[in-house]
Amino acid sequence: MPQDTANRPTDAPSFAGGSYTAEQAAALIARYQAIRKPRPFDGRCPYVGATPFRESDARLYFGHENQLEAVLERIERGATLVCISGPERTGKTSLIQAGVMFALRNGAIMDSDAWLIQTFTPGREPMQRLADACAELGTRAGLAADVTDAILRGGLTVPNAMHTFTDLALGTNPKRRVVLIADQFEEIFTVASEDERRAFLDFVVRLVNQPPARLTLILVMRSEFRPQLARYPALDKHFAAHAIEVPMMEPRELARAIVLPALEVGATIEPELVARLVNDVDGNPDMLTKLQTILRDLFMAVPVKRGDQKTLTLADYIDFGPLQAREGDQPAVTIADDAPAIRQPLRQALGEKRALSHFAQQEARLRRMKTITTVALAAGALALAFGAFGLFQRAQFSQRADAAATAEAIAQAEATRAVQLADAAGLARATAEAQATQAGQAQQAAIATRTAAEAAATQAVAEQRRALDERATAIAIATGVVGREQNAVTLEATARALATRASAEAAGALAARATAEAELKTTRSRELSAIALAQLTGDPQLALLIAIEAESTQHTPQSEDALRRAMSVAFRDEGVFRHPAAVTDAQFSSDGNYLLTASRDGVVRLWEIVSGQVITAFRGHLGQVTSATFSPTGREIATASTDRTARVWNLDSGRTITVLVGHTGVVNDAAFSPDGRLLVTGGADRTVRTWDLATGSPLTGPIQLTAVISRVAFLANGEIGALTANGAERFDPRTGASLGAWTDNDSLPARPANAPVNLYGHSAPAAIADARADRIVTVSADGTARIHLLSTAELIRRARTLLNRELTCDERVRYLNEALDCPAPTQ
């Protein structure tokens, strides 16, 4: 496959003679200022000095993006072991802390913000350090104290113990995962004893050979210790197979590590300084530590108030002392004695006029610092005096407030007691009145009942006399009829009983026959399904033909499963749309003729489903694309990306219409309003933002939530819905006000009721991205999107078209056990 060069960053330099130029630095600065709105200086120093980057520094961490992407891809594919190796001081710990851990905790992989992640160093007792790390994870997962105490005391010495721990810590949720990171793994060889070392390495090998389903172990080691690891061949083999190398940064990466942190805090930096720093440290084995130390010292040496303009210049760097001047550990000199020697490099690098201007600025800066120091001391003394007086006043007010509160409590208690007594008296009075009323009503009812009873008794006597006369007459008439009626009733009952019995026996026979026939078909279908699966490895097309016979005989879960599995093996590319990296999202067009796919390769592709050809490729994002969706009009699409932006594109030309900048983290999803005029986005910075597409500006301020937003949608009534790990909530798009819980999740892709249980064809975990009445599309970390037909009848029709043959007579006799007289094969 040819290399895709259309999406390469334009700031990638072409080095001549191994030097980085100011023009390349200026292009880099201009490129990133175009997608990041300028902001005032926020007062932070963006450089960490000699210490590694931590998770809290992740917004200021740049470099080794390719290695970070490789680690996340391995984890997303479900790797049990990931090994990171590189020379000393190449930034491996920074990659883990500010790169991998920060990305996972912020949802870079689906549901990774709910994973359990812990880092540890082996030290002298690596098995105990591992137990300590697992106990800490158990505490965070809410395990009982006796369980974590048992882990601390007994450790985790066998793989089965680690299996049990992961199951207890993660529960039944299949999407959660444990990630254990052994940083500075070389301590196994530098501080651990031979017994401790061998026990730990043997445990790691056994764990990799018998891996828990939801565990990833990451080993981070300096490459200088690979020869020592070679003494343990079992682990060395695994390490080599799963290694990701972290090399020294190239000049382009060094320039990004200098420029982008400064822009992140609102500072600016001269392109000449960037080029000078890159060339000064390039090739130095300790380049990252020296670069961060120089930048931090230089940044702190040029004090500027928050909100003012902060600019790092080449003149400050030369004046402060460049790297070459520090390498020899030369003794410090005073400005009074060696001012000409210090100022001469400035004149050579900047020219006489700029150098004189810089000296004047330095002197003015010193005078301002002295004035600020004097004023700060005076303000501090005044603040202490006011503070003491305030404490005295506060004590007096507190005493008065306590007395007032006591009096108020007594008054409230008395009032409550009075109200209770009044309520009791009123209740007693009401009860007495009700009882009196009830007694009067009962007396009146008794009188009326007595009168009615007397009248009824008189009438009853008269009726009794008439009844006796009529009875005597009826007895005489009925005596002659009774005999005949008894005979007729007996004959009719006998006939009915015989008819009922015959009907029941006939119905039972029909039901038994139907049941037997259904069971026979079900058994035959299951038998053929098993035969099809048995032929799957040797002859997938034969297996598919037998699976078609099984499904045609009787639909069963086994026959459908065999049919779909055989189809995915016999025709591996059927309904498949490929990217060179994991596919993160897919959506059908409204007419069902086209498919839109998004990928971690940073490209969105529009496919014609029938031909399987790419119609348009949308390139422009600087990171992986997390979401892609069609507009209601069908003329535009919207995408979301890890580069913290969302984009709106022209569907026909593939060109960007609008770049929406404002999120401070990964943008996970984007959705159009029903009229296509608004776009809502949500991401890892835990904010939901609504954009007016006519202006490209936010419609309102960001809506802040407490968890990472995974999906957003416009509802039919014009409200917006946001889905997080904590639940779903509705908002007003124009004010940002919360409108309560979002209980109707129909706008989010759901698994259709008739969707297949097993989604065959992918070589990595897959998920349903979009659904129509007759098909679904799934996306996977294996770099493919795959369309699955829901109707088995449609699937059989498609399979017969692709097969272009039927079972032969011999095959029907051999595999279907049919009694056929097949012609002899021709010679």
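Side notes on the structure shown:
- Qualifying positions in the stretch 116-140 - among the hydrophobic types (A, V, I, L, M, F, W, C) and either within 13 Å of Thr157 (Cα to Cα) or out of contact with any strand residue (DSSP E or B) (no Cβ under 6 Å at 6 or more places or on another chain) (or both): Phe120, Met127, Leu130, Ala131, Cys134, Ala135
- Any hit, the stretch 740-750, residues being in a strand (DSSP E or B), modelled with pLDDT of 85 or more and under 28 Å from Asp692 (Cα atoms): yes
- Considering the conditions (1) open to solvent by less than 40 Å² (accessible area, probe 1.4 Å); (2) of a type in the set (D, E, K, R); (3) farther than 15 Å from Leu795 by Cβ, Glu551 is excluded by exactly one of them, (3).
- Single residue of the stretch 107-119 satisfying the filter (open to solvent by 20 Å² or more (accessible area, probe 1.4 Å) and of a type outside the set (Asp, Glu)) that is nearest to the chain's Cα centre (by Cα): Met110
- None of Ser568, Ser525, Ser559, Ser529 is part of a helix (DSSP H, G or I), of a type in the set (S, T, N, Q), within 32 Å of the chain's Cα centre (by Cα) and surrounded by 14 or more Cβ atoms within 10 Å (Cβ to Cβ) except Ser568.
- Complete set of residues in the stretch 798-812 that are in contact with a Cys (Cβ under 6 Å, 6 or more places away or on another chain) and open to solvent by 50 Å² or more (accessible area, probe 1.4 Å): Asp810
- Looking across Ala161, Ala145, one residue alone is under 31 Å from the mean Cα position of the chain (by Cα), open to solvent by 10 Å² or more (accessible area, probe 1.4 Å), without any contact (Cβ under 8 Å) to a residue 12 or more places away in the chain and within 23 Å of Cys83 (Cα to Cα). It is Ala161.
- Of the residues making up the stretch 212-246, those that are under 29 Å from the mean Cα position of the chain (by Cα) and of a type in the set (Lys, Arg) number 1.
- Failed criterion for Arg605 (all others in (1) open to solvent by less than 40 Å² (accessible area, probe 1.4 Å); (2) touching a Phe, Trp or Tyr at 6+ places or on another chain (Cβ under 6 Å); (3) basic (Lys, Arg) hold): (2)
- Residue pairs meeting the criteria (Cβ under 8 Å; at least 6 apart or on separate chains; first on the phi > 0 side of the Ramachandran plot, in the stretch 168-197; second open to solvent by 20 Å² or more (accessible area, probe 1.4 Å) and of a type in the set (S, T, N, Q)): Gln184/Thr93; Gln184/Thr121
- Taking each residue of the stretch 300-329 that is modelled with pLDDT of 75 or more and in a helix (DSSP H, G or I) and looking for partners that are basic (Lys, Arg) and surrounded by 11 or more Cβ atoms within 10 Å (Cβ to Cβ) with beta-carbon atoms closer than 9 Å, six or more apart or interchain, yields Leu314/Arg276; Ala315/Arg354; Tyr317/Arg276; Ile318/Arg276.
- Condition met for Leu219 (touching a Cys at 6+ places or on another chain (Cβ under 6 Å), open to solvent by less than 50 Å² (accessible area, probe 1.4 Å) and under 24 Å from Leu137 (Cα atoms)): yes
- Annotation: Arg647 fulfils all but one of (1) closer than 24 Å to Ile768 by Cα; (2) in contact with an Asp or Glu (Cβ under 9 Å, 6 or more places away or on another chain); (3) open to solvent by 10 Å² or more (accessible area, probe 1.4 Å); (4) part of a strand (DSSP E or B); the unmet one is (2).
- Pair list, Cβ under 7 Å, 6 or more apart: the stretch 37-63 residue touching a residue at least 60 places away in the same chain (Cβ under 8 Å) and within 26 Å of Gln118 (Cβ to Cβ), other residue of a type in the set (Asp, Glu) and open to solvent by less than 50 Å² (accessible area, probe 1.4 Å): Val48/Asp57; Arg59/Glu264; Leu60/Glu264; Gly63/Glu253
- Inclusion of Gly508 among residues that are of a type outside the set (Asp, Glu), in a loop (DSSP other than H, G, I, E, B) and either more than 53 Å from the chain's Cα centre (by Cα) or closer than 30 Å to Leu802 by Cα (or both) is not warranted.
- Qualifying residue in the stretch 618-628 (condition: more than 26 Å from the chain's Cα centre (by Cα) and of a type outside the set (Phe, Trp, Tyr)): no
- Screening Phe225 on (1) more than 18 Å from Gly63 (Cα to Cα); (2) touching an Asp or Glu at 6+ places or on another chain (Cβ under 9 Å); (3) open to solvent by 20 Å² or more (accessible area, probe 1.4 Å); (4) in contact (Cβ under 8 Å) with a residue 60 or more places away in the chain shows it passes everything except condition (4).
For (1) under 18 Å from the mean Cα position of the chain (by Cα); (2) among the aliphatic types (A, V, I, L, M); (3) open to solvent by less than 40 Å² (accessible area, probe 1.4 Å), each residue gets a yes or a no:
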{"site": "Pro46", "(1), (2), (3)": "no, no, yes"}
{"site": "Cys83", "(1), (2), (3)": "no, no, yes"}
{"site": "Arg89", "(1), (2), (3)": "no, no, no"}
{"site": "Leu104", "(1), (2), (3)": "yes, yes, yes"}
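- Among residues of the stretch 713-733 being out of contact with any Pro (no Cβ under 8 Å at 6 or more places or on another chain) and surrounded by fewer than 13 Cβ atoms within 10 Å (Cβ to Cβ), the one that is farthest from Ala640 (Cα to Cα) is Asn717.
The values are calculated or read from the model by the stated rules, or taken from the named source; none is laboratory data. A quick note: this is a predicted structure, and the numbers were derived from the prediction, not measured. Neighbour counts are summed over all protein chains in view; Cβ atoms, including those assigned to glycine, are modelled from backbone coordinates with ideal geometry. To get the accessible areas, we keep the full protein, side chains included, count just its heavy atoms, and leave off ligands, DNA and RNA. Shrake-Rupley method; radii C 1.70, N 1.55, O 1.52, S 1.80 Å.
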